[in-house]
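The values are calculated or read from the model by the stated rules, or taken from the named source; none is laboratory data. Remember, predicted model here, so these are calculated numbers, not experimental data. Reconstructed Cβ throughout: ideal geometry from the backbone, glycine too, with neighbour counts over all protein chains shown. Only protein heavy atoms, including side chains, enter the accessible area calculation; ligands, DNA and RNA are left aside. Shrake-Rupley method; radii C 1.70, N 1.55, O 1.52, S 1.80 Å.
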Amino acid sequence: MLELFCPDLYIENIYKLDLNYLKKKNIRGILIDIDNTLLPWNSADIDNKLINWVNLCKEEGFLLCIISNNTASRIRVCANKLGIPAVSGHYKPLKRAFKEGLNILGTKPEETAAIGDQIFTDILGAKRSGLFAILVKPIGDKEFFGTKIIRKFEGLILKYMERKNLIFLNRY
Ligand SMILES: [Mg+2]
């Protein structure tokens with residue numbers, strides 16, 4: 001049961017992601033969350049650092065797709081600015097959101113990673129879908145009020161997994 005909440009990799013933020021490590025794991029697709037993973041919650045302020053990171057992933061041969069539970073119009077704006085496709089309207093951790101992302105990328109689950117900042121949506125959905133699950137620390141503490149409540153439980157699970165040596169921050 002716990003393994004469904006346990007990320008395969010736990011990193012500070014997307015900029016700490018070692019693309020060569022993913023290549024060695026034969027991963028070529030990345031499904032990525034937007035709120036508090038790529039951008040602060042509900043923000044559409046895309047800076048050069050983020051654009052450069054997305055471009056680097058593309059140059060290294062990775063296919064990217066945004067998967068978000070947030071409103072479709074804002075997701076579309078961000079996806080267009082970054083030049084990558086997006087899935088919205090299906091709710092993580094439901095498998096459908098991830099399945100649609102896989103269809104867009106044309107990759108198999110075992111060659112695809114999912115990156116997100118929430119255990120109960122991003123990580124649970126990724127693990128259920130057979131993807132390589134990557135947890136990042138949330139960019140900010142601003143978020144949907146429902147998420148704030150869930151964070152308390154998330155914090156407990158994270159602490160438990162750390163105590164049991166199941167996860168290590170920034171360790172490949
Ligand atoms: Mg998020």
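List of remarks:
- Only one of Ala133, Ala126 that is within 15 Å of the ligand (Cβ to nearest atom), assigned to a helix (DSSP H, G or I) and among the aliphatic types (A, V, I, L, M): Ala126
- Residue match in segment 16-26 (condition: polar (S, T, N, Q), open to solvent by 40 Å² or more (accessible area, probe 1.4 Å) and within 20 Å of Thr147 (Cβ to Cβ)): no
- Within segment 100-123, the set of residues being within 11 Å of the ligand (Cβ to nearest atom), acidic (Asp, Glu) and assigned to a helix (DSSP H, G or I) comprises Asp122 only.
- Glu162 vs. criteria within 16 Å of the chain's Cα centre (by Cα) and in a helix (DSSP H, G or I): no
- Subset of segment 133-145 that is under 11 Å from the mean Cα position of the chain (by Cα) and open to solvent by 30 Å² or more (accessible area, probe 1.4 Å) - its residue that is farthest from Asp18 (Cα to Cα): Pro138
- Members of segment 91-125 that are crowded, with 18+ Cβ neighbours inside 10 Å, of a type in the set (Gly, Ala, Ser) and in contact (Cβ under 8 Å) with a residue 40 or more places away in the chain: Gly101, Ala113, Ala114, Gly116
- Members of segment 55-71 found to be open to solvent by less than 70 Å² (accessible area, probe 1.4 Å) and within 16 Å of the ligand (Cβ to nearest atom), listed by number: Leu64, Cys65, Ile66, Ile67, Ser68, Asn69, Asn70
- Residue satisfying condition, being at pLDDT below 95, among the polar types (S, T, N, Q) and within 29 Å of Lys159 (Cα to Cα), within set Asn13, Asn42: Asn42
- The residue of segment 146-159 that is farthest from the chain's Cα centre (by Cα), among those that are of a type in the set (D, E, K, R) and within 14 Å of the ligand (Cβ to nearest atom), is Lys148.
- Among the residues of segment 4-43, the one identified as of a type in the set (Gly, Ala, Ser) and within 15 Å of the ligand (Cβ to nearest atom) is Ser43.
- Matching residues in segment 39-54 - criterion: being surrounded by 13 or more Cβ atoms within 10 Å (Cβ to Cβ) and more than 23 Å from Ala97 (Cα to Cα): Ile46, Leu50, Ile51, Trp53
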